[in-house]
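The values are calculated or read from the model by the stated rules, or taken from the named source; none is laboratory data. What you are looking at is a predicted structure, and each value in this text was computed from that prediction instead of being measured. Neighbour counts run over all protein chains shown; Cβ positions are idealised from the backbone, glycine included. Note: accessible area is taken over every heavy atom of the protein model, side chains too, but ligands, DNA and RNA are not part of it. Shrake-Rupley method; radii C 1.70, N 1.55, O 1.52, S 1.80 Å.
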Amino acid sequence: MDIAQQLQSIRKRIANAEKKYHRKLDSVILVAASKCRNVSEIKEAISCGQRHFGENYLQEALPKITALQNENICWHFIGAIQSNKTKLIAENFSWVQTLTREKIAQRLNNQRPDNLPALNVCIEVNLTGEATKSGIRGDEVLSLAQKIAAMPKLKLRGLMAIPPPLEDFAHHCKIFHKLFLLKQDLNDKGFDLDTLSMGMSDDFEAAIAEGATMVRIGSLIFGSRRS
Ligand SMILES: *Cc1c(COP(=O)(O)O)cnc(C)c1O
C-alpha cells in the first residue's frame, strides 16, 4: 500500500464531499486509525502531513507515542476504556472519543495532569441498538453530557459513533443523521459541541454529507489489517 498516494486520494475525496454536500472546505479532520500499524508506517503518514492519529489499545499505543514524541501529533484514543488504563490515557492523549461512563470520565478528569490543557472528549453513541456495539443510547447522552460539563479537566467536544458496516449510502446517511440531530439537540439545550466523529473507510462520504467533522480511516490509508 502506498500510504502517500492513499492519503492524497482520501484527502481529495474528503474535499470533494465537502464541496458536494455544501460543507465548508477543510471542515472535516482526517484521523488516521493506526491500530496494528508500526512506527515506520505512521512516520510515512506524518511525512505526508498527517497529524491526527487514533489508537485503540493503550499498550500498543504507548511505545508509538514515545517513539514519535518529537513529532507534532495529536493522539486520539478511540478504543474501549478500562478503568485501570485511565491514568496513562489521561497523560498521553489529546482526545478520548469513546467515553460512555461517568466513572471513567471522573477518573480521566482527576488524572489529567495539571500542566496539560483539558482533555478533549466525545461521548460514544450506539445509534442502532446493536447489543454487540459499544456506546450508550441516545436517550442516555444528555445526562452523561451534563456530568462531563462539570469536570474542569475534560472538554466535551461532541459525539462519536461506529455504525454497522455493509449498508448502502442512503442507509448510512439515515444512521449518521441521528447523531447530527443528537448534537443539535444538546446544543439547543446550551452545550457548545463542535465535533461529530463519524465515518470510516467504507462510509465516510455519507458521514460528511450528514455533518461529520472528523472521519476515522484506517484500512483505506494503510491497507487491510494484518492481525
Ligand atoms: C479501526 C477503526 C477505525 C477505522 O476503520 P477502517 O475500516 O479501517 O477505516 C475507525 N474507528 C474506530 C473506532 C476504529 O477502531
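Got a number for residues in the stretch 165-197 being within 19 Å of the chain's Cα centre (by Cα) and of a type in the set (Asp, Glu)?
Result for the stretch 165-197: 2.
Would you mention how many residues in the stretch 146-183 are assigned to a loop (DSSP other than H, G, I, E, B), open to solvent by less than 40 Å² (accessible area, probe 1.4 Å), at pLDDT 95 or above and out of contact with any helix residue (DSSP H, G or I) (no Cβ under 7 Å at 6 or more places or on another chain)?
Residues that pass the stated criteria total 0.
Between a first residue in the stretch 112-131 that is under 20 Å from Asn56 (Cα atoms) and a second residue that is of a type in the set (Phe, Trp, Tyr) and part of a strand (DSSP E or B), which pairs have beta carbons less than 8 Å apart while being 6 or more apart in sequence or on different chains?
That search, which allows pairs on different chains as well, returns Leu119/Trp95; Asn120/Trp95; Val121/Trp95; Cys122/Trp95.
Tell me which residues, restricted to the stretch 24-44, are charged (D, E, K, R), within 15 Å of Met214 (Cβ to Cβ) and under 19 Å from the mean Cα position of the chain (by Cα).
Asp26
Looking at (1) touching a Ser or Thr at 6+ places or on another chain (Cβ under 9 Å); (2) outside any helix (DSSP H, G or I), which is the one condition that is false for Glu41?
Only one criterion is unmet by Glu41, namely (2).
Just for the stretch 195-206: of the residues that are more than 8 Å from the ligand (Cβ to nearest atom) and either out of contact with any strand residue (DSSP E or B) (no Cβ under 6 Å at 6 or more places or on another chain) or of a type in the set (Lys, Arg) (or both), which one is most open to solvent (accessible area, probe 1.4 Å)?
That would be Glu205.
Can you name the number of the only condition in (1) under 17 Å from the mean Cα position of the chain (by Cα); (2) among the acidic types (Asp, Glu); (3) open to solvent by 70 Å² or more (accessible area, probe 1.4 Å); (4) more than 16 Å from the ligand (Cβ to nearest atom) that Glu210 fails?
(3)
Name the residue, out of Gln50, Gln82, that is at pLDDT 95 or above, within 16 Å of the ligand (Cβ to nearest atom) and farther than 16 Å from Arg216 by Cα.
So the residue among Gln50, Gln82 that is at pLDDT 95 or above, within 16 Å of the ligand (Cβ to nearest atom) and farther than 16 Å from Arg216 by Cα is Gln82.
Taking the stretch 213-227 as the search range and keeping residues that are surrounded by 16 or more Cβ atoms within 10 Å (Cβ to Cβ) and in a helix (DSSP H, G or I), which one is nearest to the ligand (Cβ to nearest atom)?
First pass over the stretch 213-227, keeping only residues surrounded by 16 or more Cβ atoms within 10 Å (Cβ to Cβ): 213-218, 220-222.
Filter once more, so that each one left must be in a helix (DSSP H, G or I): 220-222.
On the way: Leu220: 6, Ile221: 8, Phe222: 8 Å.
Here the answer is Leu220.
Hey, could you check the stretch 7-35 for residues that are away from the ligand (no atom under 16 Å from the Cβ), in a helix (DSSP H, G or I) and open to solvent by 60 Å² or more (accessible area, probe 1.4 Å) and say which is nearest to Gly54 (Cα to Cα)? Spell out the reasoning first.
Within the stretch 7-35, the subset away from the ligand (no atom under 16 Å from the Cβ) is 8, 12, 15-16, 18-27.
After this cut, where a residue has to be in a helix (DSSP H, G or I) as well, the list is 8, 12, 15-16, 18-20.
Okay, now just the ones that are also open to solvent by 60 Å² or more (accessible area, probe 1.4 Å), so 8, 12, 16, 19-20.
On the way: Gln8: 19, Lys12: 21, Asn16: 23, Lys19: 26, Lys20: 27 Å.
That would be Gln8.
Which of (1) part of a helix (DSSP H, G or I); (2) surrounded by 14 or more Cβ atoms within 10 Å (Cβ to Cβ); (3) in contact with a helix residue (DSSP H, G or I) (Cβ under 9 Å, 6 or more places away or on another chain) does Leu127 not meet, given it meets every other one?
(1)
Which one of these is outside any loop (DSSP other than H, G, I, E, B), open to solvent by 80 Å² or more (accessible area, probe 1.4 Å) and under 25 Å from Ile29 (Cβ atoms): Thr98, Thr86, Thr66? Quick ask: steps written out before the conclusion?
On the way: Thr98 fails: open to solvent by 80 Å² or more (accessible area, probe 1.4 Å); Thr86 fails: open to solvent by 80 Å² or more (accessible area, probe 1.4 Å).
That would be Thr66, the only listed residue that is outside any loop (DSSP other than H, G, I, E, B), open to solvent by 80 Å² or more (accessible area, probe 1.4 Å) and under 25 Å from Ile29 (Cβ atoms).
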